[in-house]
Amino acid sequence: MKDKYGGCIRYLGEDGDANWPLDASSWWNELMSIEGAVGWNWFKNGVVRIIGDGDWSSFWKDIWVGTISFHNMFPRLFSMSPQKEAKFGDLWVGGEGGFVWQLH
């Protein structure tokens, strides 16, 4: 979808608030308007997230393992982390010996 509709496409926030820019495509706005009729988080729960290079996936706030974000699963660790806004790709770094986590 990003390739077709551009980088304006986002997702619904964990608290249910819309988390996409006002200039999102009309198609995307229509799709998100279904939320009220069908039920909260129907789109997010029905779509699989592919991490890829990790530039678009929040390590803490997106759900990429299990059914809850790390932000909610580990609130104490999140509160201590200086990397609250880190993307997955910022923390899963490859080198000569393979990939390693760089969590602070």
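Asn19: in contact with a strand residue (DSSP E or B) (Cβ under 9 Å, 6 or more places away or on another chain) and modelled with pLDDT under 75, yes or no?
The answer is yes for Asn19.
Can you pull out every residue in the range 75-99 that is modelled with pLDDT under 85 and not hydrophobic (A, V, I, L, M, F, W, C)?
Gly94, Gly95, Glu96, Gly97, Gly98
Could you list, in sequence order, all residues of the range 34-74 that are among the hydrophobic types (A, V, I, L, M, F, W, C), closer than 16 Å to Leu91 by Cα and modelled with pLDDT of 80 or more?
If the condition is that a residue be among the hydrophobic types (A, V, I, L, M, F, W, C), closer than 16 Å to Leu91 by Cα and modelled with pLDDT of 80 or more, then Trp56, Phe59, Trp60, Ile63, Phe70 are the ones that fit.
The values are calculated or read from the model by the stated rules, or taken from the named source; none is laboratory data. Note that the structure is predicted; figures quoted are calculated from it, not measured. Every residue, glycine among them, receives a Cβ derived from its backbone with ideal geometry; neighbour counts consider all protein chains shown.
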